[in-house]
1. Does residue A:126 count as at pLDDT 85 or above, assigned to a helix (DSSP H, G or I) and in contact with a Gly (Cβ under 6 Å, 6 or more places away or on another chain)?
2. Residue A:381 versus (1) out of contact with any Ser or Thr (no Cβ under 8 Å at 6 or more places or on another chain); (2) not in a helix (DSSP H, G or I): which is the lone unmet condition?
3. Looking only at helices (runs of 4 or more DSSP H) that lie completely in chain B, which have at least 3 residues being more than 29 Å from residue C:26 (Cα to Cα) and away from chain A (no Cβ under 14 Å)?
4. What is the residue count in the range A:127-162 for residues that are without any contact (Cβ under 8 Å) to a residue 60 or more places away in the chain and touching a Phe, Trp or Tyr at 6+ places or on another chain (Cβ under 7 Å)?
5. Confirm whether residue A:275 is more than 17 Å from the chain's Cα centre (by Cα) and either in a helix (DSSP H, G or I) or outside the structural domain of residue A:581 (by TED's automatic domain parsing) (or both).
6. Limited to the range A:218-258, what total is found for residues that are outside any helix (DSSP H, G or I) and acidic (Asp, Glu)?
7. Please find, among C:185, C:99, C:104, the residue that is facing chain B (nearest Cβ under 9 Å), closer than 30 Å to residue C:65 by Cβ and at pLDDT 85 or above.
8. Hey, among A:696, A:685, which residue is modelled with pLDDT under 85 and either part of a helix (DSSP H, G or I) or in the same structural domain as residue A:494 (by TED's automatic domain parsing) (or both)?
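The values are calculated or read from the model by the stated rules, or taken from the named source; none is laboratory data. Note that the coordinates shown come from a computational prediction; the quantities given were computed from them, not determined experimentally. We place every Cβ from the backbone using ideal geometry, glycine too, and count neighbours over all the protein chains shown.
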Amino acid sequence: MLGMLEFNPELDFKLLLAVPLIPFFGYLLQISLRGRLPHGDKILTGGMFVVMCITVYMAAKAISAAHAGVPFLHHSEEAGMTHGWLYDVASQPSFKNLVIGVFYDPLGAAMLAVVGIVSFCVHLFSMGYMHGDKRYPIFFANISLFTFAMLGLVLSDNILFLFVFWEIMGLMSYLLIGHFSHDPSQKFFHSWATWASKKAFLTTRVGDVCLFIGIFIFYNGFQEFYATSAAAHAALPEFHPMRFTHMWEMAKLVVEANDGIYPTWMTVGGMFTIGGTVGKSAQFPLHIWLPDAMAGPTPVSAMIHAATMVAAGVFLLGRMFPLLSPDVLAAVTVFGSVTALFAATIGLTCYDLKAVLAYSTISQLGFMVAAVGLGSVEAGMFHMTTHAFFKACLFLAAGSVIHGCHHIQDMRVMGGIRKKMPITFACMLVCTMAIAGLPWFSGFFSKDAILLAAWGNLIEGEYFGGPPLLALICLSLGALFTSFYMFRLIFMTFFGEYRGDMEHHMYSAQLAAEGYEGPPPHGHDDDHGHDDHDDHGHDAHHGVHESPLVMTAALVIVAIFAIPGAAGLLNGWFTETVTVENMYGENVGAWVLAGTPVMEGTKEVLVGGLPMAIADHNSHEGHDAHKLALIVSSIVAFGGLIGAWFLYIKRRDLPGKLTAQFPLVYTGVRRKYFIDEIVDFTVLKPTVGFARFLRKVDENVIDGTVLLVGRIHKALGSISAWIDSTFVDGAVNAVGLVSQNLGAALRLFQTGRIQPYAAFAVGGGILTAAWLILS
Amino acid sequence: MPLGAYIAVSAALFAIGIVTIITRRNVLYILMGTEMILNAANINFVAFNRFGSNGLDGRMFAIFTIILAAAEAAVALAIVLNFYYLFNSVKPSEADLLRE
Amino acid sequence: MDQVMLQRAFYGALALLTLTALGIGLAMAGASGVAFGLFTAMTLGGALVCVWERSVVRSAFSLMATFTGVSGYFVLLEADFLAMAQILIYVGGILALLLFGVMLCPPDMEERQLKRVLPGLGIVGAAVAWLSMEVAGSARWYVDAGAPVGDALAEGEFSNARQIGVGFLGIDQYVVAFELAAIVLTVALVAAVYIARRSSVDLEPREGDA
């Protein structure tokens, strides 16, 4: 049994290579046959099932290795599976050669398993949810390639290939968010999807450019350092400047060579690198694309919010952590903390089911980013894992609710559907408890770890304050709000009475004043293009019903990871597997844990991650800190729960009164702090104006020049045409005429009669003989 | 008589055969002309055999020619009959389908 | 000149030609020369009549003289088997076939084509004669053109039919050729029968044809 769980490079790297290739070939098959592949959806989902099995099996190996205390950093060089890209390995010095391979480590194992499971569930769910959609096969193809990109990103051994997959993912998010932009029958989603897909693509592009610059700052810096440093040559005889393991090693060497202080260029590079995370993981200034991403189909939202896009940003932070200087980490902490609180407050006021979840994703991503910034990279990664499961489940459940309620997303016209959709309700409730951080559910463990990291940083710092204090306050408040708005969502959606078929209810006036969030219920714009229950379309508002088996099955699979027992198991596995030593190897890991030797102020603590005293559960301080964090997180979780219960079950008139009391605050939050408007005014308007100006220049100056050139060419062309028609055609005609006349003459000999032919033959024979004789 | 006499007769017969083929306006004459040409060749074969060597080769060739002439006569007659059925005439000048 | 005069002139010329041939033969080789001249007259005369006569029947019958004359040459050349075969096959077989053909075709008394025949004879004859002279003058002869070689008959033989029979059936001589000849004849006869079937050549099916 244990032998099966030992890592076997020869076989396992082939399996790992198959992991991204299965969805990739599925994509090729589906896209090249344009959906003529019979049961394409089932084949692709089957492929994803295989991928899921492989990833889980491989993750079991990582857990087993961590349990046995065996280092688990595997590069496919072990099995000889590398490929020299751009240059041949033998003919070029190694620093010019980009050797690509597969990298499998505890972090990758965890991430890979998450992506595998969630992607399979999303595929499964899509089979029910997207059934009957006009572009159903293309949707499956795209979502497969999306999965491929994320799997490839996790398995890349170098930052450049991570970037390549990162960009493929950006493209696929564009295509998938814009899924309905090709379907004019979806009147509500049609234009929104077009706009939202562009917004997502361009916004993340800002971050991507930053990441690209960051990559090359590091590349250049490491190469220059390697060229002059004897220590680097000794440590790394063969140096690949893009490979993660070598980058970590080099970061350590560079900092040690610089007397334990991160050089300026590393700080600058780190700042650019986290720009990629800010864009992809939707952190504060660039978060605007994520709420609009719900213009795409709900399974895509689940994919983006749980396993792929936003997770990639946090994953990047995990991969680059040893390269980030204390200043960068401070910035990361601030970004994450602010985002966590800021998005949580917006979530309080949304009525669109998916919008609440979207802002909760942004908020939770803030938690993860802040955790990395606080030095506790494993807590961030752990929260990413738990979040992936419960957020995938929440989104899929929301999709199930939307599907059941005939594509209405506004919570004000839902309510009381827990009896009609029991499985969906159960899954959603479990996951809400998890995200709210109720004790012993999965979110509890990970949030607890993050709050603990903040607390540890605060008390170990040289002075009481700075980013750790900000993080502690913001994250605690954020957790409180999270609990509140998630239970608000549950109470509004599943409790009370069903408001979809009521003429007048408590939200009628507000709905009439503000309009619906999401697609309106009565319009025919929601044409059930992707709806498989047209048979009872007329009494749509009465027929709330449970979703088909494939959808609920997918829900249950991801929900399992949120329930207390499984969450505890997950916690045990994760804290065992993903530790700093396991993630970065003994050498770098120890260096990261110890913190750099000479530091000032809080920086020391930030780099060092959790102070040893607190990390040790058995010590007095550790015990206290854990108890404190437990109390805080329980208070905020239950506080949110009770608050939501009080406002949305007990005293339902209170929210209206509160918002009337503070109209300015409410409007500000309700309009999402006017961020979209600010961006529109500061970025879009000037850009569009400049583009208009350029268009004028183009039309007047450049087009004029082009037109002039065209006219000259036209004149030359007409001269050429005259020469052509007169001389060239004349010559051709002359040849034709000669041939024709010659043919007419020769035709006289072609009588078709046998006797003249015989005479010609005899005459020819005689003449030939005569010629032979006479010559 | 010397060999030259036979060759002269053979050449004359050959020439007459060709003239028959080319000039007469009846398909049967083509057949007759062909027979004359074959006979002219036969005379040559046998004469060269008699004057040149004492073997059998020339006479064998002649026998073959005769055999093939018989076969040819049978096939040609069938063709002549078909010609007549097709064109309702025995004039070779009627058959100018090759011209089309 | 009317037709009768032409006819007389032609046959008169033919008689003169015959006498000339006989004379030349007598002058050159005595009795065998006379025989040669006779055969020449038969051969060439028959051929000329064939070209000359308007009636197909006459032309066909005149060919009998030609074939017989050729068999006479074979006798002079001591190829008695061939002479017999010539008479049997040509005179007995092919000529009979020709006459059948004549009978199956409509009577066709065409105008005598002097304008075509005489220049044709002149040009082709001159060309062939010239070519023969040139070839005879330029070729290197491996034969003694003056006299035959050896004896055509082996010692104690009466005819060379036995020689030819042995030649055909002897393993190391002409047996393959013999077999080939048999195949060719069979195929040709089958083909002739097939082609002569009327329905097989119809360009378009007629009513009543199966």
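1. no
2. (2)
3. Of the helices (runs of 4 or more DSSP H) lying wholly inside chain B, those with at least 3 residues that are more than 29 Å from residue C:26 (Cα to Cα) and away from chain A (no Cβ under 14 Å) span B:57-87.
4. Number satisfying all stated conditions: 1.
5. It is false that residue A:275 is more than 17 Å from the chain's Cα centre (by Cα) and either in a helix (DSSP H, G or I) or outside the structural domain of residue A:581 (by TED's automatic domain parsing) (or both).
6. Summing the residues that are outside any helix (DSSP H, G or I) and acidic (Asp, Glu) in the range A:218-258 gives 1.
7. C:185
8. Criteria check complete, one pass: A:685.
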